[in-house]
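Reviewing the structure listed below.
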Amino acid sequence: MTLTDPIGDMFSRIRNGQMRSLNSVDIPSSNFRQNILRILKDEGYIKDYYIEKSENNKIFYDSLRIRKDEFKNKIVLDAGCGNGRFSYVVSKYNPGLLISFDISRGLEEAKRVLSEKSNQNSNIAFVQGDITRPPFKKEAFDIVYSWGVVHHTPNTKRTVKELSKLVKENGIFGIYVYVFNPPYQYEKQLLSLV
């Protein structure tokens, strides 16, 4: 689809978002649009704006291969959400319920970020707990994903097995682990700490 009036599109997105009482709307970025948004903010027509890097959407899809349309109205678990980086991405895909689940203090940051950036209609819950022993019923979720977490647990295989039990039959289970090859030598690391 070719966009012939990007400024008109921007104003339509803002108007439609206000009519639906959304906290935020997504608008493609350009320097010209940013200048208009700055003026709208300065004049009190919008509360605020921020420029979001869309690379997280690409990283999420490229690594897990779960399409955004697959999340719509689904019950989703972000197992090991950390600061909410990918919970935020998924919250924009209109899940029926998104559970952001983590053991760390990063969950507080996830709550803050998601409450500020997500729309009011987002159905997000935050649960603090251990992904090696998740406190959820078997087959409770349509989609369970974990990005860069399970290989940090004491028993990766057991953690994957426990998380897989949470996915409904014919559901989606996405796990991403990365290779840990630090670009430094341990001797250099120790010297830098002294």
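The values are calculated or read from the model by the stated rules, or taken from the named source; none is laboratory data. Just so you know, these numbers come straight off a predicted model, no measurement behind them. Counting neighbours? That spans all protein chains shown, and the Cβs are built from the backbone with ideal geometry, glycine included. The protein model used for the area step is the full one, side chains on, heavy atoms only, and it has no ligands, DNA or RNA in it. Shrake-Rupley method; radii C 1.70, N 1.55, O 1.52, S 1.80 Å.
Summary table below
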{"quantity": "Lys, Arg +1 and Asp, Glu -1 on Cβ, resulting dipole of the stretch 1-110 about Cα centre, debye, nearest 20", "calculated": "220"}
{"quantity": "Accessible area, probe 1.4 Å, largest first, for residues R112, R20, R105", "calculated": "R105, R20, R112"}
{"quantity": "Sequence-distant residues sharing a close amide H with G80 (under 5 Å, placed H)", "calculated": "F101, D102"}
{"quantity": "Hits among lysines - C-alpha to C-alpha of K47 under 25 Å, sequence gap 8 or more where chains match", "calculated": "K92, K111, K117"}
{"quantity": "Highest-fluctuation residue, N123, N35, N16 considered, GNM on the chain with Cα pairs under 10 Å", "calculated": "N35"}
{"quantity": "Neighbourhood charge, 13 Å Cβ-Cβ cut-off, centred on E169 and excluding it, Lys, Arg +1 and Asp, Glu -1", "calculated": "+1"}
{"quantity": "Residues of the stretch 134-161 with amide N under 14 Å of the 7 Å Cα→Cβ point at I103", "calculated": "134-135, 149-160"}
{"quantity": "Net charge dipole size for the chain [Lys, Arg +1 and Asp, Glu -1 on Cβ; Debye, nearest 20]", "calculated": "360"}
{"quantity": "Helix-derived mean residue ellipticity, 222 nm - over the chain, DSSP H n ≥ 4, -39500 (n - 2.57), to 500", "calculated": "-11000 deg cm²/dmol"}
{"quantity": "Calculated P(r) tail over 16 Å for the stretch 110-152, as whole % of Cα pairs", "calculated": "54"}
{"quantity": "All lysines inside 21 Å of K168 as judged from Cα atoms, apart from same-chain residues fewer than 8 positions distant", "calculated": "K68, K72, K74, K137, K138, K157"}
{"quantity": "From the coordinates shown, semi-axes √(5λ) of the Cα gyration tensor in Å corresponds to which of [x] 34, 18, 15; [y] 40, 22, 13; [z] 34, 23, 16", "calculated": "[z]"}
{"quantity": "Proportion of all alpha-carbon pairs of the stretch 72-149 beyond 16 Å (%)", "calculated": "41"}
{"quantity": "Projected label distance in nm at R112 and Y61, using a 7 Å step from Cα toward the beta-carbon", "calculated": "3.1"}
{"quantity": "Area accessible to solvent at V149, 1.4 Å probe radius, in Å²", "calculated": "30"}
